[in-house]
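Have a look at the structure below before the remarks.
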Amino acid sequence: MVVLTVAIDGPAAAGKGTIAKALARELGLRHLDTGSLYRAVALRVLGGEDAVAVARGLGPDDLADPRLRQPEVAQEASRVAAIPEVRAALLDFQKAFARAEGGAVLDGRDIGTVVCPEAEVKLFVTASAEARAARRHAEQVAAGQESSLERTLAEIRARDARDEGRDHAPLRAAGDAVVIDTSGLGIDEAVARALGVARARL
Ligand code: C5P
């Protein structure tokens with residue numbers, strides 16, 4: 001049986017979630033959005049709980065909360081993600097998900113470097129901070145949420161700085177990752193490129 005692991009990393013709002021979902025659908029693989037794990041920890045930390053204790057006891061109900069997509073939860077996620085004990089507590093679940101039968105697509109910040117360094121396919125999906133902020137702002141407006149382009153850009157830059165600057169598992173492309181810059185690409189084109197890379201390794 002073919003077991004293919006696809007590791008997709010990149011900064012916020014570069015399109016990696018959309019690409020990950022499309023690849024999972026097209027290739028018949030399971031998908032894990034690993035950012036949702038850090039967001040789930042962050043949401044409970046904002047409610048006053050201890051980050052490490054929450055990370056050690058995270059359950060499926062935590063991942064289903066619609067508040068995980070809120071901007072303040074994203075910011076707090078990048079703070080709890082800098083705590084080594086939080087990362088360690090979430091690592092086994094991610095590794096087990098990747099190894100389970102049938103293959104998987106995982107997207108996050110450290111999949112190709114730490115969680116699945118042996119992945120057959122590694123993509124680093126990126127775009128300029130301005131392009132990412134414009135996209136996230138448009139999504140928030142379309143969802144009827146109050147949004148400002150300037151604030152969204154500032155939030156993206158703050159999160160990039162924390163994710164790239166932390167000591168443990170910082171955001172960076174694995175040496176063997178294929179970089180896809182989506183700044184000037186429509187989503188269909190970006191997905192087609194990613195699928196082309198993955199299919200070439202089947
Ligand atoms: O991808 P998403 O924006 O949902 O991730 C939220 C935060 O979780 C990121 O800014 C990052 O700090 C953290 N994260 C991480 N490692 C991952 C996935 C997410 O540190 N593999």
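The values are calculated or read from the model by the stated rules, or taken from the named source; none is laboratory data. Please read these numbers as outputs of a predicted model, since none were measured by experiment. Ideal geometry is used to build each Cβ from the backbone, glycine not excepted, and the neighbour counts take in all protein chains shown. The protein model used for the area step is the full one, side chains on, heavy atoms only, and it has no ligands, DNA or RNA in it. Shrake-Rupley method; radii C 1.70, N 1.55, O 1.52, S 1.80 Å.
General observations
- 3J(HN,Hα) couplings calculated from phi for region 45-61 with the Karplus curve 6.51 cos²θ - 1.76 cosθ + 1.60 (θ = phi - 60°) are, in sequence order, 5, 5, x, x, 8, 7, 4, 5, 4, 5, 4, 6, x, 4, x, x, 4 Hz; Gly and Pro show x.
- Cα Rg over Rh - region 18-96, Kirkwood: 0.99
- Computed over region 99-138, Kirkwood Rh from alpha-carbon pairs, angstrom: 12.2
- With 10 Å bins from 0: P(r) over region 145-196, alpha-carbon pairs, percent: 19, 31, 39, 11
- Computed accessible area, Ile187, all protein chains, 1.4 angstrom probe, square angstrom: 80
- Taking every alpha-carbon pair within region 1-45, the share separated by more than 12 Å comes to 66 percent.
- Global geometry of region 105-202, whether rounded, prolate or oblate, following the gyration tensor of its Cα atoms and the 1.5 cut on a/c: oblate
- Given in Å, the Rg to one decimal and the Dmax to the nearest whole number for the Cα atoms of the chain are 16.2, 49.
- For region 178-193, 3J(HN,Hα) computed residue by residue from phi via the Karplus equation (6.51, -1.76, 1.60; θ = phi - 60°) reads 8, 8, 10, 9, 8, 3, x, 10, x, 5, 5, 5, 4, 5, 4, 5 Hz, glycine and proline entered as x.
- Sequentially through region 83-99, phi angles give Karplus couplings (6.51, -1.76, 1.60; θ = phi - 60°) of 8, x, 5, 5, 4, 4, 5, 8, 5, 4, 4, 5, 5, 5, 4, 5, 7 Hz, Gly and Pro residues having no value and appearing as x.
- Taking amide H positions as modeled 1.01 Å from N, with prolines and chain starts lacking one, the residues under 5 Å from Val125 and 5 or more places away or on another chain are Asp9, Gly10, Ile180.
- Taken about its Cα centre, the chain carries a charge dipole of about 220 debye when Lys and Arg each add +1 at the Cβ and Asp and Glu each add -1 at the Cβ.
- Sparse packing (at most 16 other Cβ atoms within 10 Å of the Cβ) combined with a DSSP loop state is found for the following GluC sites (Glu not before Pro) in region 85-189: Glu101, Glu118, Glu120, Glu146.
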